[in-house]
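Where a number appears in this text, it was derived from the coordinates with a stated rule and is not lab data. Model, not experiment: these values are computed from the prediction. So basically every Cβ, Gly included, is an ideal-geometry build from the backbone, and we count neighbours across all protein chains shown.
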Amino acid sequence: MQFDQKKTHDLKLNPKYQNLLKWGLDNGVIIKDVDLPAAFGELTGVVATQDIPANTAIICVPQTLIISQEKCKLSSLSIVYDKHPELFDENQTSDAEFNILIFYLFNEKKKGEQSFFYPYIQAIQTNNTLIDWTKEELSQIEDPIVLDEFAIVSEDLKVLWNYAQDIFNEFIQIFGEVRPTDKQDFYWAAQSVMSRSFGWSLKSTSMIPIADFLNHSNKACTHYFVHSKVEKLEQERLQAKNNRRNNQDSNSDIDDLQNMEDSFIRLVQEYYKIKGNKINLSALKIQQDESKIKQFEDQKKTFILQHQQYLTENQLKDIDNLENLSNEVKRSMINWINYEKMIQKPEVNLWDLGFVTSSDSEDNDSDEDLELARNQQLESVRQKELIEWKIKLKEEKQQKNQKQGINIQEITIQQQNQELNNQQNEGGYKTDSENIVTISLNNEKKNQLTIQGLPTQQIQTLKQNQQQMMEQQEQQDKENESDDSEESNWDWLEENDQEAYFCITTTEPIKQYEQVTVSYGRRTNRFLLSWYGFTLPENKYSSFNFRLWLNTEISKEKMQSQKQIFDTITINKLISSKEWDTGKIKFNGYEIPVSSITKEFRIKKKKLNMDLIMYLRLYLMLYKVQEKDVYITIPVSVDYEVFVMQFCIQLLQHYLNSYSQELAQDIKELDTQISFSRRFALHINRERKEILINQVMILLEAIIILKKYKESNDLKQAYISEIHNNVHYKVEILRGLKGYLQSIHEFL
């Protein structure tokens, strides 16, 4: 949304914002190169008043203004927290930090103008979480799991309110007499903590005035905790050290700096991590050598410049203006480069696409331990199937040789000698006993794969797969870099330290009049709507999530239609903790064992979901066809792969048919003036349909490639002619299929 100067002028006349800013500035908040409040359509946020470089601190809030768990425990509410550990002790409940903040904020609101935080509280009088939505508004969200998650949040809040009433009566001397507005104010406090608190990379969940007026987006600022005194001392130390190295300032005070006896400074220096090498701290009046600060790199621009020889004449006209081009235009140029490389270089295959994209990044709303366990289990299955596949391949070869009347023993000896010669030439070795596949991780070499027992081509392919996974992880690490807490120990931080600041910091350049946003984490729209009450129009972290029931009786029943089959095996609900404990769920009239339900499939917008393909290989083998020797992780035939993908398309189409209106109607309605609740509901509904449609398009393209491959037995030549007429779209499809196409090339 564009910056609206007129609406911004009106917002600035609002006393609640004027009082908030005056209170913040009077109490040490520093604001540089940005302004608030600022209007962007109907949203109120923060605007850049000039071009701002990457890695620059723009809003610094002193620790004295931060409402932290520790500060709450030092207040008059400490007796309340101690008396009720079932609500406020993190060892007894995972909601302790939230509960502590909710009760504190409620009490501060009840104090009115007597509260130090009154200007802040007045400025956040309204919230827009799902708690305030009507039943009719909630019914417009066509995602059952969002509604299930909200129902849990809503019920938990009701239970907390019931506890709160008893506590208020118990501690009238602290909370004052009961008022008719108490429930409304308590719910306000709960919604404020839900939607405005900061948690990750902090000592504890906290409310941070003014910083929480930045809206959320994926292209956003991050935050650091900065101790200005320590940072200044560090810069002085570096300057003194540099002067001494250059034989300047012989009377430098570096010795005094190194011999400081201040115990606090030594404690801070032991645990606090310097930020001056990462971010520009000029907002805090800290002088730095800017050449030493981490520089922003536009990876798309770098890739294009490194491969500009593949660009067309028209594209080269923009080569000196890349920083002003949209990401979509740069992505199109990257896709063209990849296409031209495939055309010009015979060794470049369909899956050899340069530039690792983060468009399908995983969100951080999933259980990492469960995901790790699942990946380990899948790796075990893959290793087992590789062994079986190699043995089967060897047996087929022996049978073929026997039919041709060839002496197997002689051939085996010749093959072993040839393999030994090849490995000696490559600097490797292999014993005669190594006749099966072995894959091991070398911890000393950062989990480098050691693979034995496969033909050279398969080994190289597997190693390429590993290299690509490493590249993707590196890209993810770069993306996560600003998410990670700099501190692992917070002993240096004191609650009333006026020189400790929470600093909002840019991660990439921001243009004048752009909205300045902060990231709440890699959050899906489902999570954002459930917790914060809003969605993003475009959210790269979103996915379409569902489960399937491995119903062993489905093929035996006389189903009248495929719709009945899909209605039976698709699970569109959130499995509650109680259901996990009992081991059964009730859905669509069935009592289903949890053990027979798949893990949650998470389909991304631009990438083939291999988990679903692997599951359907197994499901269709057991209950729909009599295909022999089917593997979960390995394709066995082109025809069976096509069959699996056709079934997958029908399954996804089943989900598409469940919506009340088509995608085109969603898009048309979003262009009109509608309420926020309707707009956010449509964002959820639209993105889910787009994910499904994109996955169907990827599957359809995969079927085309498979059929052409069956005819020519050459993946690249079978499809390269299809790309020319729509390079950007087709290369995007290939990007989503790259892992799958490699497996086709490797095993078929």
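Pop a pseudo-label 7 angstrom from the Cα along the beta-carbon direction at both Asp166 and Asp95 and give the gap in nm to one decimal.
1.4
Which pairs in the list Lys278/Lys301; Lys16/Lys158; Lys71/Lys109; Lys219/Lys273; Lys606/Lys668 are over 27 Å apart, alpha-carbon to alpha-carbon?
Lys16/Lys158
Efficiency by 1/(1 + (r/R0)^6): what FRET value for Ser576 and Phe601, r their Cβ-Cβ distance, R0 = 22 Å, to the nearest 0.05?
Values: r = 19 Å, r/R0 = 0.88.
After rounding, the FRET efficiency stands at 0.70.
With θ taken as phi - 60° and the coefficients 6.51, -1.76 and 1.60, list the Karplus ³J(HN,Hα) couplings across segment 96-105 in order, rounded to whole Hz; mark glycine and proline as x.
4, 4, 4, 4, 4, 5, 4, 5, 5, 5
If you count, for each residue, the other Cβ atoms within 10 Å and average over each peptide, how do 520-527, 315-322, 532-539 line up from highest to lowest? Can you show the working numbers first?
Values: 520-527: 21.6, 315-322: 12.4, 532-539: 19.8.
Peptide ranking by packing, descending: 520-527, 532-539, 315-322.
Give the calculated FRET efficiency between Leu11 and Asn327 to the nearest 0.05, with a Förster radius of 35 Å applied to their Cβ-Cβ distance.
Values: r = 30 Å, r/R0 = 0.85.
Plugging the Cβ-Cβ distance into 1/(1 + (r/R0)^6) gives 0.75.
Filter the cross-link list Lys345/Lys716; Lys232/Lys285; Lys285/Lys511; Lys707/Lys738 down to pairs whose alpha-carbon distance in this structure exceeds 20 Å.
Numbers: Lys345/Lys716 11 Å; Lys232/Lys285 9 Å; Lys285/Lys511 23 Å; Lys707/Lys738 17 Å.
Pairs exceeding the cut-off: Lys285/Lys511.
With Cβ to Cβ distances under 15 Å as the rule, what net charge do the other residues near Gln2 carry (K, R +1; D, E -1)?
Values: positive: Lys6, Lys7, Lys511; negative: Asp4, Glu42, Glu514.
Once positives and negatives cancel, what remains is 0.
Using all alpha carbons of segment 537-747, what is the percent of pairwise distances in each 5 Å bin, ordered from the shortest bin to the longest?
1, 6, 13, 16, 17, 16, 13, 9, 5, 3, 1, 0
Order the peptides 105-112, 180-187 from the highest to the lowest mean number of other Cβ atoms within 10 Å of their residues. Could you put the intermediate results ahead of the total?
Details: 105-112: 19.9, 180-187: 14.5.
Going by the mean number of other Cβ atoms within 10 Å, highest first, we get 105-112, 180-187.
Kindly rank 59-68, 715-724 from highest to lowest mean number of other beta carbons found within 10 Å of each residue. Present the calculation step by step, with values, prior to reporting the outcome.
Values: 59-68: 22.3, 715-724: 15.9.
Result, highest mean first: 59-68, 715-724.
Please list, in chain and number order, the residues 5+ apart from Val516 or on another chain whose amide H is under 5 Å from its amide H, with Hs placed from the backbone.
Distant-sequence amide H within range of Val516: Val46, Val47, Ala48.
Quick check: residue separation of Gln665 and Leu43 times 0.36 nm, minus the Cα distance between them. What number comes out in nm? Let's see the in-between values first.
Numbers: separation 622, 0.36 × 622 = 223.92 nm, distance 2.42 nm.
Extending this stretch completely gives an extra 221.5 nm.
Any chance you could run the full-extension gain for Asp567 through Phe676? It's 0.36 nm times the residue separation minus the Cα-Cα distance, nm to one decimal.
Working: separation 109, 0.36 × 109 = 39.24 nm, distance 3.21 nm.
My answer for the length gained is 36.0 nm.
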